[in-house]
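The values are calculated or read from the model by the stated rules, or taken from the named source; none is laboratory data. Since this is a predicted model, take the numbers as computed values, not measurements. Don't worry about glycine lacking a Cβ; one is built from the backbone with ideal geometry, like all the others, and counts go over all protein chains shown.
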There are 2 protein chains.
Amino acid sequence: MGLRQLHHFVTLVEQGSFARAASALHLSQPALTRSIQALEADLGPLIDRSYGKVRPTAAGMLALERARRMLREQRELRRDLQLLEEVEIGTIRAGFGPFAASFLLDPVLEALVRRYPHLRIDLETADTPAMRRSLEAERLDVFVGESRSLAELGHLQIDRLPALETAFFVRSGHPLARQREVTLAELRAYPVAGTRLPAHILRFFRQALHEASGGSGPVAEDAPGLMTITCNDMHALRSLLLAVDAVALVPVAMMADACARGMAVALPMHPPTELRAQYGIVSLAGRSPSPAMRAFTALVHEAVAQASGDAGP
Amino acid sequence: MGLRQLHHFVTLVEQGSFARAASALHLSQPALTRSIQALEADLGPLIDRSYGKVRPTAAGMLALERARRMLREQRELRRDLQLLEEVEIGTIRAGFGPFAASFLLDPVLEALVRRYPHLRIDLETADTPAMRRSLEAERLDVFVGESRSLAELGHLQIDRLPALETAFFVRSGHPLARQREVTLAELRAYPVAGTRLPAHILRFFRQALHEASGGSGPVAEDAPGLMTITCNDMHALRSLLLAVDAVALVPVAMMADACARGMAVALPMHPPTELRAQYGIVSLAGRSPSPAMRAFTALVHEAVAQASGDAGP
DNA sequence: AGGTGTTACGACAACCGTAAGTATC
DNA sequence: GATACTTACGGTTGTCGTAACACCT
């Protein structure tokens, strides 16, 4: 019993004659005869041939029912795979780190919904370690997050994004906004807000402050950090810095509009702080991406390009 | 895509490795690899191979669902066909002519129910022309009836039964019961009951009566027949002849018990009337019988043998 | 004769098992 | 080196089309 034979059988019954069925199947009559014979050799007599009239036997009626169901499943499987390929069905479970979420979540979500209205979408924001756990536990298909700390992990595949420019921002009326140059130490006169930072950035700030205050040698690990406020909701930080005389370390892309409207400015740090977050699209290695995931990845790249285009020149 | 390949695929996912699946399928490992490759060439990537771990992709999950349904339909088709063969499922729509019903319906129905408790049974009694129409309209699968009039019809298949002995019966106290011989003409002193008879029997009686009354030459077609009462319920006729001084033409087999208990006797006709009804199991030619129909046919033969054994010696 | 279905034959593709190869641990 | 899977090769089976055959109307 094979799907091909069953298809032949169903068509034969539906067409009512070997000749018509064979032509409907784009098959020669003898081939159809033999196909049916083979099926009957397997399942027993299925049709009564009485010269010109083709009628299913009792067994044939049973077979007809089941065969139709099998063939329908086959058609629907092909259809489902097609729809999956076109992202007409499917699910994407994606995470965004705080930085990425701040300027990627909105456009990516909008683009996803706009281009793939039937896709089931499950997004969340969390920090990199949490998302990494979710990914490994397969609660997540992919996440966009700080990826430097994951670079050596072989079981993760990282699609690196252009380095994410960050800077210290204040609102336009802020005292520091008037200075031609600002040092790290000067920031400490104000509340300094940002997300929880990766270890290497934390170390960089501690070291810089240590040196600025005339110290030398190793820095104490428990020395107070630069940040006085951490919050992983970047939009809250944005609102904060626009409302009060705080300083916030946020992605440039996120502040592009506020700067354009003269509401905020990036502080001209001295020495220049090269604060580039290494972000990437992280997924489990060795797993072929679903069409939905490929679509998601593409949209993230698009959104990044868009954002850096806005914020760049 | 073939059922074999789908089975391989499902087993592979269930077993979690090519090696285990191949052995579970009684297949060599390379054969399984190639089978899966062929399926994937058809449907796209279905599984992620990551050395030792076999996991379905998103497409694979869809395929798995559909494939399982198809394979279940396949198993159930085989099972249904087996059950049909064993008459554990199926339907029989059978008719009985009045004579046949009188002594076959009860035992055949009982035997059917006893041996094939799951068979759907649809029995009816009617006269031969009506049953023939039902058969041709496929409201009936088979009937047991007077078959001489159908012998030449090519589109009907007739499984002839032993000739059905009939005789004129009266109750023991009947005046005619005391005679050593009874002529047809003598019957006319009493109500004569029977079923509606086939044309050739009617002609035989008319001819005999005509000759007995001294006539010669052709008999008028509208001459009064022998029967004064016709009823196609043979049990009613039986009750009638046991209750009043009537004469009834009924099958011998039907009266065997009453005769044995001294309640009725067959009249010793002179000249002997060779009243043999030619009964048969009639079905449409060119249609292979369902298992249920074969079972029915066998049981009818059994019941006939049983009845003629009872009534015979 | 015309149409319908089956068998006969040669060619091609599918499938299998054995054996050799490749990659991962 | 051991294990898990893939590729290579030769043989069997399944499937096709063309052609010849058998049968019914």
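Please verify whether A:Leu64 is within 30 Å of A:Pro162 (Cβ to Cβ), in contact with a strand residue (DSSP E or B) (Cβ under 9 Å, 6 or more places away or on another chain) and more than 16 Å from DNA strand C (Cβ to nearest atom), treating the condition exactly as stated.
On the way: within 30 Å of A:Pro162 (Cβ to Cβ): no; in contact with a strand residue (DSSP E or B) (Cβ under 9 Å, 6 or more places away or on another chain): yes; more than 16 Å from DNA strand C (Cβ to nearest atom): yes.
Criteria not met by A:Leu64.
So that you can scan it fast, the table gives a plain yes or no per residue for (1) surrounded by fewer than 15 Cβ atoms within 10 Å (Cβ to Cβ); (2) facing chain B (nearest Cβ under 9 Å); (3) at pLDDT 95 or above:
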site	(1), (2), (3)
A:Asp48	no, yes, no
A:Tyr51	yes, yes, no
A:Val54	no, no, no
A:Leu64	no, no, yes
A:Arg69	no, yes, yes
A:Arg72	yes, no, yes
A:Leu77	no, yes, yes
A:Asp80	no, yes, yes
A:Val87	no, no, yes
Subject >> Residue check, B:Arg206 among the basic types (Lys, Arg) and in a loop (DSSP other than H, G, I, E, B) >> reply: no
Subject >> Conditions (1) within 16 Å of DNA strand D (Cβ to nearest atom); (2) surrounded by fewer than 16 Cβ atoms within 10 Å (Cβ to Cβ); (3) facing chain A (nearest Cβ under 8 Å): number failed by B:Gly44 >> reply: (2)
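For residues that are among the charged types (D, E, K, R) and over 14 Å from A:Phe168 (Cβ atoms), tally how many sit in region A:227-268. Break it down into steps so the answer makes sense when it comes.
First, the residues of region A:227-268 that are among the charged types (D, E, K, R): A:233, A:238, A:245, A:257, A:261.
Next, from what is left, pick out any that are over 14 Å from A:Phe168 (Cβ atoms): A:233, A:257, A:261.
Residues flagged as among the charged types (D, E, K, R) and over 14 Å from A:Phe168 (Cβ atoms) within region A:227-268 amount to 3.
Tally up the residues in region B:209-222 that are part of a loop (DSSP other than H, G, I, E, B) and either in contact with a strand residue (DSSP E or B) (Cβ under 6 Å, 6 or more places away or on another chain) or surrounded by 13 or more Cβ atoms within 10 Å (Cβ to Cβ) (or both), please. Spell out how you get there, then give the answer.
The first filter runs over region B:209-222 and keeps only residues part of a loop (DSSP other than H, G, I, E, B), leaving B:213-222.
Okay, now just the ones that are also either in contact with a strand residue (DSSP E or B) (Cβ under 6 Å, 6 or more places away or on another chain) or surrounded by 13 or more Cβ atoms within 10 Å (Cβ to Cβ) (or both), so B:215, B:219.
Residues meeting the conditions: 2.
Results for (1) surrounded by 17 or more Cβ atoms within 10 Å (Cβ to Cβ); (2) within 12 Å of the chain's Cα centre (by Cα); (3) among the aromatic types (Phe, Trp, Tyr); (4) under 30 Å from B:Thr57 (Cβ atoms), shown as yes or no for each residue.
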position	(1), (2), (3), (4)
A:Ile92	yes, yes, no, yes
A:Pro117	no, no, no, yes
A:Asp122	no, yes, no, yes
A:His155	no, no, no, yes
A:Leu161	yes, no, no, yes
A:Val182	yes, no, no, no
A:Gly194	yes, no, no, no
A:Leu202	no, no, no, no
A:Phe205	yes, no, yes, no
Subject >> Selection status of B:Ala295, buried (at least 17 other Cβ atoms within 10 Å of the Cβ) and not in a strand (DSSP E or B) >> reply: yes
Original post:
Just a yes or no: is a residue in region B:97-109 in contact with a Leu (Cβ under 9 Å, 6 or more places away or on another chain), in the same structural domain as B:Phe296 (by TED's automatic domain parsing) and under 22 Å from A:Met61 (Cβ atoms)?
Top reply: no
Original post:
B:Leu32 passes all but one of (1) assigned to a helix (DSSP H, G or I); (2) within 15 Å of DNA strand C (Cβ to nearest atom); (3) among the aliphatic types (A, V, I, L, M); (4) within 8 Å of chain A (Cβ to nearest Cβ); which number fails?
Top reply: (4)
**OP:** Just one of (1) under 48 Å from the mean Cα position of the chain (by Cα); (2) near DNA strand C (Cβ under 9 Å from one of its atoms); (3) within 14 Å of another protein chain (Cβ to nearest Cβ) trips up B:Phe9, so point out which.
**Re:** (2)
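Are any residues in region B:102-113 surrounded by 23 or more Cβ atoms within 10 Å (Cβ to Cβ) and modelled with pLDDT under 95, and if so, which ones?
Taking region B:102-113 and keeping what is surrounded by 23 or more Cβ atoms within 10 Å (Cβ to Cβ), we get B:102-104, B:108.
Of everything in region B:102-113, those that are surrounded by 23 or more Cβ atoms within 10 Å (Cβ to Cβ) and modelled with pLDDT under 95 turn out to be B:Ser102, B:Phe103, B:Leu104.
Per-residue answers, yes or no, for (1) in contact (Cβ under 8 Å) with a residue 24 or more places away in the chain; (2) under 15 Å from A:Leu64 (Cα atoms):
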residue: A:Leu3; (1), (2): yes, yes
residue: A:His8; (1), (2): yes, yes
residue: A:Leu12; (1), (2): yes, yes
residue: A:Phe18; (1), (2): yes, no
residue: A:His26; (1), (2): no, no
**OP:** Show the residue pairs that are 6+ apart or on different chains and have beta-carbon atoms under 8 Å apart, the first residue being within region A:104-128 and free of Cβ contacts under 8 Å to residues at least 12 places away in the same chain, the second being in a strand (DSSP E or B).
**Re:** A:Val113/A:Ile121
Original post:
Can you name the residue in region B:223-236 that is within 31 Å of the chain's Cα centre (by Cα) and assigned to a loop (DSSP other than H, G, I, E, B) and, of all such residues, is farthest from B:Glu124 (Cα to Cα)?
Top reply: B:Met227
Subject >> Residues within region B:3-41 that are closer than 22 Å to A:Glu85 by Cβ and near DNA strand D (Cβ under 8 Å from one of its atoms), tallied >> reply: 2
**OP:** Report those strands (runs of 3 or more DSSP E) wholly inside region A:84-201 carrying at least 2 residues which are closer than 21 Å to A:Met254 by Cα.
**Re:** A:91-96, A:120-125, A:142-146, A:164-171, A:192-194
Subject >> Filtered residue count, region B:262-288, keeping only those that are within 14 Å of another protein chain (Cβ to nearest Cβ) and touching a Ser or Thr at 6+ places or on another chain (Cβ under 7 Å) >> reply: 2
Original post:
If A:Glu302 passes every condition in (1) charged (D, E, K, R); (2) touching a helix residue (DSSP H, G or I) at 6+ places or on another chain (Cβ under 8 Å); (3) over 26 Å from A:Arg114 (Cβ atoms) but one, which one does it miss?
Top reply: (3)
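This table checks each residue for (1) under 23 Å from A:Leu43 (Cα atoms); (2) not in a helix (DSSP H, G or I).
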| residue | (1), (2) |
| --- | --- |
| B:His26 | yes, yes |
| B:Leu39 | no, no |
| B:Pro45 | no, yes |
| B:Gly52 | no, yes |
| B:Leu64 | no, no |
| B:Glu76 | yes, no |
| B:Leu81 | yes, no |
